[in-house]
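Undergrad: The structure is given below, and queries will be raised subsequently.
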Amino acid sequence: MGRLDGKVAIISGASRGMGKAEAILFASEGAKVAVCDIRDDEGKALSESIGSSATYIHLDVTREDQWIAAVEATVSAFGSVTTLINNAGIAESAPFYEMSLESYQRVTDVLQTGVFLGMKSVVAPMTAAGGGSIINISSIDGLIGMDNIISYVGAKWAVRGMTKAAAREVADRNIRINSIHPGFIYTHLAVEDESHLAATHALLDKHTANLAPMGRTGKPEEIAKLALFLACDESSYSTGSEFVADGGLTSGYPSPGASA
Ligand SMILES: NC(=O)c1ccc[n+]([C@@H]2O[C@H](COP(=O)([O-])OP(=O)(O)OC[C@H]3O[C@@H](n4cnc5c(N)ncnc54)[C@H](O)[C@@H]3O)[C@@H](O)[C@H]2O)c1
């Protein structure tokens, strides 16, 4: 018995990183998974490696027509939609007073508009299925601030608020909506060049050693397990809530004596 037997999940941004870890874990727990992304080659390879429980669907989360098509393709492949992880993400950095409007809007479109479109597009099939669970991937940057990524911080706070607003509107349809707030996790986010990946992760290790009480960077699989909890019926009384997995980073700060 899998914890997701009978569930059909759409996961956006699933070709890499946390979305990929979620696709693998969800399929291993009995779910059918629509691996959705704009990175077609990696997404197809992942879907093929998972096997008949998965299908790859090209989905740019900023495009409403593609959301409609992705939902249709998922229902046609697996019969329904019960689960959505709004996971796709990008980040672009600059001081806010130097950030171009184009960069600001590009990030907001993917992170904020993408979540709006995703939630909107699954309400009808989830209602038809008798209910469902939507998991919106925000960030610790939806709880506090971070320098040089104002578009990202703004969108991640928006996702946290939209989660609460939307959850209230569909609770009577047995659809639950929650947000996940990861801390620093080993993925490709904001790594343009593959050859920079190891250096970026080493930088994250230094950063989390200083900032997070647990003293380490998180793994995609650790976020996937939290998403699994929210996707399955074990979280049946949780909606409109935020779930943090950050090694304690946002728990507070040391007392003055600690650095004496
Ligand atoms: N890595 C971290 O430290 C961290 C921390 C907190 C939150 N997050 C969030 O986690 C989520 C997953 O990111 P990740 O860290 O796994 O990064 P990642 O770069 O490894 O994966 C992101 C995926 O999103 C896809 N994507 C980008 N734009 C898209 C679009 N328009 N339509 C569809 N797919 C698109 C990419 O192709 C990629 O496969 C993001 O929402 C990110 O903001 C990441």
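Undergrad: Take the stretch 215-241 and flag every residue that is open to solvent by less than 70 Å² (accessible area, probe 1.4 Å) and assigned to a loop (DSSP other than H, G, I, E, B).
TA: Selection gives G215, T217, C232, S238, T239, G240, S241.
Undergrad: Consider T108 against the criteria (1) in contact (Cβ under 8 Å) with a residue 12 or more places away in the chain; (2) open to solvent by 50 Å² or more (accessible area, probe 1.4 Å); (3) among the hydroxyl-bearing types (S, T, Y): it satisfies all of them except one. Which criterion is unmet?
TA: Unmet for T108, out of (1) in contact (Cβ under 8 Å) with a residue 12 or more places away in the chain; (2) open to solvent by 50 Å² or more (accessible area, probe 1.4 Å); (3) among the hydroxyl-bearing types (S, T, Y): (2).
Undergrad: Please specify each residue of the stretch 150-164 satisfying the condition of being farther than 13 Å from R106 by Cα, in contact (Cβ under 8 Å) with a residue 40 or more places away in the chain, among the aliphatic types (A, V, I, L, M) and within 13 Å of the ligand (Cβ to nearest atom).
TA: A158, V159
Undergrad: Search the stretch 214-234 for residues that are within 15 Å of A27 (Cα to Cα) and hydroxyl-bearing (S, T, Y) and pair each with any residue that is open to solvent by 70 Å² or more (accessible area, probe 1.4 Å) and at pLDDT below 95 when their beta-carbon atoms are under 8 Å apart and the residues are at least 6 apart or on different chains.
TA: Here the result reads none, with nothing in the stretch 214-234 linked to a residue that is open to solvent by 70 Å² or more (accessible area, probe 1.4 Å) and at pLDDT below 95.
Undergrad: On to the next question. Run K120 past the list (1) within 23 Å of D233 (Cβ to Cβ); (2) touching a Phe, Trp or Tyr at 6+ places or on another chain (Cβ under 8 Å) and report the number of the one that doesn't hold.
TA: (1)
Undergrad: Would you check which residues across the stretch 228-242 are within 16 Å of the ligand (Cβ to nearest atom) and touching a Phe, Trp or Tyr at 6+ places or on another chain (Cβ under 8 Å) and list them?
TA: L228, L230, A231 - these are the residues of the stretch 228-242 that are within 16 Å of the ligand (Cβ to nearest atom) and touching a Phe, Trp or Tyr at 6+ places or on another chain (Cβ under 8 Å).
Undergrad: Then there's this: Between residues in the stretch 166-195 that are more than 21 Å from E221 (Cβ to Cβ) and of a type in the set (D, E) and residues that are near the ligand (Cβ under 7 Å from one of its atoms) and assigned to a loop (DSSP other than H, G, I, E, B), which pairs lie under 7 Å by C-beta distance while being six or more apart or on different chains?
TA: Partner pairs satisfying both residue conditions: none exist.
Undergrad: Among residues belonging to the stretch 130-149 that are out of contact with any His (no Cβ under 8 Å at 6 or more places or on another chain) and in contact (Cβ under 8 Å) with a residue 60 or more places away in the chain, point out the one that is farthest from the ligand (Cβ to nearest atom).
TA: Here the answer is S133.
Undergrad: Moving to a separate point now. Kindly indicate whether any position in the stretch 194-214 is in a loop (DSSP other than H, G, I, E, B), open to solvent by 20 Å² or more (accessible area, probe 1.4 Å), among the charged types (D, E, K, R) and within 12 Å of the ligand (Cβ to nearest atom).
TA: No; the residues of the stretch 194-214 include none that is in a loop (DSSP other than H, G, I, E, B), open to solvent by 20 Å² or more (accessible area, probe 1.4 Å), among the charged types (D, E, K, R) and within 12 Å of the ligand (Cβ to nearest atom).
Undergrad: Okay, moving on. What are the residues in the stretch 147-157 that are buried (at least 20 other Cβ atoms within 10 Å of the Cβ) and small (G, A, S), if any?
TA: Hits for the stretch 147-157 are S151, A155.
The values are calculated or read from the model by the stated rules, or taken from the named source; none is laboratory data. Note that the structure is predicted; figures quoted are calculated from it, not measured. All Cβ positions, glycine included, derive from the backbone under ideal geometry; neighbour counts span all protein chains shown. Side chains are part of the model used for accessible areas, which takes the heavy atoms of the whole protein and leaves out ligands, DNA and RNA. Shrake-Rupley method; radii C 1.70, N 1.55, O 1.52, S 1.80 Å.
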